[in-house]
Amino acid sequence: MPAALEGADAQKLSALTLEAVDWCNLLVCDGKALWRLHHGPQGAEVSRLGAGIHSLSNGHPESAWPKQRRLSGRLAALLDPSARAGQTTARPLSDDALLDLLKDDWRPAPTQLPATGLSPEREALLSSPFIVSAEYGTRASTLVRWQRHSIRDTTDPSGVVQTLTLLERRFSPEGHTIASRRAMTRLLATGSGVEGDTGSWRLS
């Protein structure tokens, strides 16, 4: 998939019926590179994302809404100073800490609100990272963690095991956590196997 994206003309990607989904963003990762496909009013754009912290909103990828800057800053603050200075080693972050980061009802000052054509009241409501509203709001937060681990007890000669973890929380219209689900897959370089809870819901 990454190779296909790299060699494709972005405008020809309409064969993927992007028009049917209107405005969308797709992230594709093969463990070595992360690609972003954006489709909006100006058509389709494909870009390769470098190492670091990136944020994505409902706007154009180049836009930087206040809530994006806030979440990027808060995530950077969770990392070790050495990681922020460009080192490759960062302190392991718990799943709960990362998901708690998303449950942020902060709102920027009225003068900092994006101008998307909505009313000021609507812009203010949608300016929070975590939106609480009966008719339109945050209904789920998802964490995808892809990690490499050095393990001696493995059949792979490289001694490296990859784990792919997905954790999701669901919320009520009032913003309360009503359910959570966790799935973990262990991936080896020469094979794969599924471990852990792969589909059941745990009610809060």
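The values are calculated or read from the model by the stated rules, or taken from the named source; none is laboratory data. These numbers were taken from a predicted model, which means no experiment stands behind them. No Cβ is skipped: glycine too gets one built from the backbone with ideal geometry, and neighbour counts run over all protein chains shown. What goes into the accessible areas is simple: the full protein's heavy atoms, side chains included, and nothing from ligands, DNA or RNA. Shrake-Rupley method; radii C 1.70, N 1.55, O 1.52, S 1.80 Å.
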Students sometimes get this wrong: rank Lys32, Lys67, Lys103 by accessible area, probe 1.4 Å, all chains present, largest first. Lys32, Lys103, Lys67
Alpha carbon centroid spacing (whole Å) that separates the range 102-134 from the range 42-74: 17
Between the modelled labels at Thr165 and Val144 (7 Å from Cα along Cα→Cβ) the distance in nm is 1.7
Carbon/sulfur fraction of accessible area - the range 91-130, other protein chains in place, 1.4 Å, %: 56
Please compute the length gained on full extension between Ser72 and His60, using 0.36 nm multiplied by the number of residues separating them and subtracting their Cα-Cα distance. 2.7 nm
Environment charge at Phe130 (Cβ cut-off 14 Å; Lys +1, Arg +1, Asp -1, Glu -1): +4
Return, ordered by residue number, the residues of the range 44-59 whose backbone nitrogen is under 17 Å from a label point located 7 Å along Cα→Cβ of Leu93. 50-57
Förster radius 30 Å - calculated FRET efficiency between Asp30 and Glu174, Cβ distance, rounded to 0.05: 0.15
